[in-house]
Amino acid sequence: MSNYTPFLKVKMNEITAIGQLPIDLRTAVIPFFDLPTKPTMTPDSFKRMVGKGAKAMEKHLGDVPAFFLDNFDIDDTMLVDGIDNYQFVVDTFQELPFIPVVGLDRSEPPRVSWRPVG
């Protein structure tokens with residue numbers, strides 16, 4: 001059972017940092033990775049980022065029992081090859097021990113004006 005869950009971005013330095021931990025520490029953590037966004041992100045750049053991240057995790061996190069993977073910062077409306085971007089992530093990471101992070105609706109609710117009745 002994990003005693004620590006570091007919160008990291010899917011970036012090469014952060015992935016390799018976990019991979020550099022001594023084996024007893026590396027196997028005692030369950031990292032939480034968040035897919036980073038950029039203002040200029042396109043479906044193609046997203047695909048490249050996800051692909052590189054998956055390869056880096058496969059290479060450096062072989063001893064990690066599992067990791068969380070979230071796309072909170074990625075625009076919900078972005079499709080990759082015609083599918084939801086998180087479905088693309090799930091398909092890409094399906095051979096790795098990842099725990100999907102999902103929410104029913106994490107977008108900000110609309111602001112509604114109301115007045116008490118009576």
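The values are calculated or read from the model by the stated rules, or taken from the named source; none is laboratory data. Note that this is a predicted model, so its numbers are computed, not measured. Cβ sites come from the backbone with ideal geometry, for glycine too, and all protein chains shown count toward neighbours.
Just to be sure before I move on: is ASN3 of a type in the set (S, T, N, Q), within 17 Å of VAL90 (Cα to Cα) and either surrounded by 14 or more Cβ atoms within 10 Å (Cβ to Cβ) or at pLDDT below 90 (or both) in the structure I sent?
On the way: of a type in the set (S, T, N, Q): yes; within 17 Å of VAL90 (Cα to Cα): no; either surrounded by 14 or more Cβ atoms within 10 Å (Cβ to Cβ) or at pLDDT below 90 (or both): yes.
So ASN3 fails the test.
Considering the stretch 12-29 alone, what residues qualify as being touching a residue at least 40 places away in the same chain (Cβ under 8 Å) and within 13 Å of the chain's Cα centre (by Cα)?
Answer for the stretch 12-29, where residues must be touching a residue at least 40 places away in the same chain (Cβ under 8 Å) and within 13 Å of the chain's Cα centre (by Cα): just ILE15.
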